[in-house]
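**Q** Below is the structure I would like to discuss, written out as structure tokens.
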Ligand code: RTP
Ligand code: MG
């Protein structure tokens, strides 16, 4: 049996404020993934800046950090045998104009507003997923989940 892979999905503030988007996204997550943990939080700019540290110095960093601290975000730790790639495929391209013409039914194609307000985040590798999950859930136990039978018993 393939092992459960985990990723972190973050629903960004403009999508959390949009009831149509938030319920659509929640439903699609429920259909495709095992939901391991969910919480709604409010980041301040220092916390948002730390989360996006890898982008510090890029031209979009300040507006990204300000935006991520502009309202509640939903965190979902989600599992699937191919969670990281599947969630990023469901998001579609980072840039919303690309998402709208290349993959209009992706989450960014449907609900994206700009390159900053592009609906949701997805970890880009297993090491990023572990770092990002620990960032928001410091006590998280990966070992038990990686070795769980959650997929078989869905
Ligand atoms: P994410 O990390 O949010 O899943 O998105 P990603 O891997 O597809 O994109 P990444 O390059 O990691 O960028 C992180 C977030 O920064 C914002 N961004 N704005 N040109 C811009 O204005 C621009 N480029 C990136 C987006 O919100 C992106 O999701
Ligand atoms: Mg990224």
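**Q** Efficiency by 1/(1 + (r/R0)^6): what FRET value for residue 31 and residue 52, r their Cβ-Cβ distance, R0 = 35 Å, to the nearest 0.05?
**A** With R0 = 35 Å, the Cβ-Cβ based efficiency is 0.75.
**Q** In addition: Which of the peptides 115-122, 24-31 is most tightly packed, and how do the rest follow, judged by the mean count of other Cβ atoms within 10 Å per residue?
**A** Top of the packing list down: 115-122, 24-31.
**Q** At a Förster distance of 25 Å, what's the computed FRET efficiency of residue 147 paired with residue 124, Cβ-Cβ distance as r, to 0.05?
**A** It comes to 0.55.
**Q** Using only helices, what value at 222 nm comes out for the chain when you add -39,500 (n - 2.57) per DSSP H run of length 4 or more and divide by the total residues, to the nearest 500 deg cm²/dmol?
**A** Helix contribution divided over all residues of the chain: -12000 deg cm²/dmol.
**Q** Segment 11-70: percent of C-alpha pairs farther apart than 14 Å?
**A** It works out to 63 percent of all Cα pairs.
**Q** Follow-up. Could you list 135, 33, 67, 42 in order of exposure, starting from the residue whose Cβ has the fewest other Cβ atoms within 10 Å?
**A** Fewest-to-most Cβ neighbours within 10 Å comes out as 42, 135, 67, 33.
**Q** Which percent of Cα pairs goes in each bin when the distances of the chain are cut into 5 angstrom slices starting at zero?
**A** The calculated distribution, bin by bin, is 2, 10, 18, 22, 22, 15, 8, 3, 1, 0.
None of the figures in this text is laboratory data; all of them are computed from the coordinates on show. Please read these numbers as outputs of a predicted model, since none were measured by experiment. Every residue, glycine among them, receives a Cβ derived from its backbone with ideal geometry; neighbour counts consider all protein chains shown.
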